[in-house]
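Novice: Below is one structure. I have some questions about it.
The values are calculated or read from the model by the stated rules, or taken from the named source; none is laboratory data. Just so it is clear, the model here is predicted, and its values are computed rather than measured. Here the Cβ positions follow ideal geometry from the backbone for every residue, glycine too, while neighbour counts run over all protein chains shown. Side chains included, ligands, DNA and RNA excluded: accessible areas come from the protein's heavy atoms. Shrake-Rupley method; radii C 1.70, N 1.55, O 1.52, S 1.80 Å.
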Amino acid sequence: GPVNELQAEFIRRVQSSVVNISHLVDDLVNLGRIQTGLDSGNELFDIRKTVHAAVDSVRQSVTAKEIELVVDLSDNIPPYYGRAVQIRRMIDCILDNCIKYSSPKGTIQVRGQQEQNQVILQFKDDGIGIAQKDLPFVFDKFFRGSNNTYEMTGTGLGLSIVKSAAEGHSGRVWIESGIDKGTTLTVVLPILEPQPIE
């Protein structure tokens, strides 16, 4: 039946809590799969196609905030030997953060290239940025920046997933940022040769 304004507000809070808990469970499962090696099947795949697929999946969110999303991937990136599911999950988490913390009508840049024997992926936004005092902790589980607002919901696990996926491929990840200066996240993944089946 009909509800009054106070009841409607309680319903909205419950719905928001359910969504947040669902995201938390999903992130915990994804992080657990990476850290326990359940997504351990290596294969050759096209990182460029993986990035484009991840970008296509966030088009609606980007359009809603009127964000300009610029993708520049070098043609020289070779097929990559690794766990495609983990790399896609990593890119999804990074893009989610870029969109969440970008200002409306802002810009997100996604770049990728090969340098020597490694693939370098870089994600840059011009959003609220991260305080210098928070940077050493951004990859810790459940950590959320001191300048996060109540409206900026999240589980605090996204960057832990990113770091675990990168390190699971013998790679590195780091962040450069400052308050109101945007954020640049860089992932470096070494190019490994496919191993023969014994």
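Novice: Simple spin-label model, 7 Å along Cα-to-Cβ: residue 114 to residue 15 in nm?
Specialist: So the label points at residue 114 and residue 15 sit 4.8 nm apart.
Novice: Would you kindly find the accessible area of residue 93, with a 1.4 Å probe and non-protein molecules such as ligands, DNA and RNA excluded, rounding to the nearest 10 Å²?
Specialist: 20 Å²
Novice: So if each residue of separation counts as 0.36 nm, and I subtract the Cα-Cα distance between residue 5 and residue 141, what length gain in nm does that give? Show your work: numbers first, answer last.
Specialist: Values: separation 136, 0.36 × 136 = 48.96 nm, distance 3.69 nm.
Length gained between residue 5 and residue 141: 45.3 nm.
Novice: Here is a further query. Which far-off residues, 5 or more places away or on another chain, put their amide H under 5 Å from the one on residue 118, with H placed in the peptide plane?
Specialist: 191
Novice: Suppose R0 equals 41 Å. What FRET efficiency, 1/(1 + (r/R0)^6) with r the Cβ-Cβ distance, do residue 131 and residue 192 give to the nearest 0.05? Could the numbers behind the result be given before it?
Specialist: On the way: r = 36 Å, r/R0 = 0.87.
It comes out at approximately 0.70.
Novice: Next question, about the same structure. For residue 63, what accessible area in Å² do you get when you roll a 1.4 Å probe over the heavy atoms of the protein chains, rounding to the nearest 10?
Specialist: Probe radius 1.4 Å; accessible area of residue 63 about 100 Å².
Novice: For the pairs 49/133; 65/141; 65/133; 100/181; 100/141; 65/181, note any where the Cα-Cα span goes beyond 26 Å.
Specialist: Details: 49/133 36 Å; 65/141 28 Å; 65/133 28 Å; 100/181 15 Å; 100/141 18 Å; 65/181 19 Å.
Cα-Cα > 26 Å for 49/133; 65/141; 65/133; rest within.
Novice: Run the numbers for residue 52 and residue 64: contour at 0.36 nm per residue of separation, minus the present Cα-Cα distance, in nm. If you can, show how the numbers build up before the last one.
Specialist: Values: separation 12, 0.36 × 12 = 4.32 nm, distance 1.89 nm.
Contour length minus the Cα-Cα distance gives 2.4 nm.
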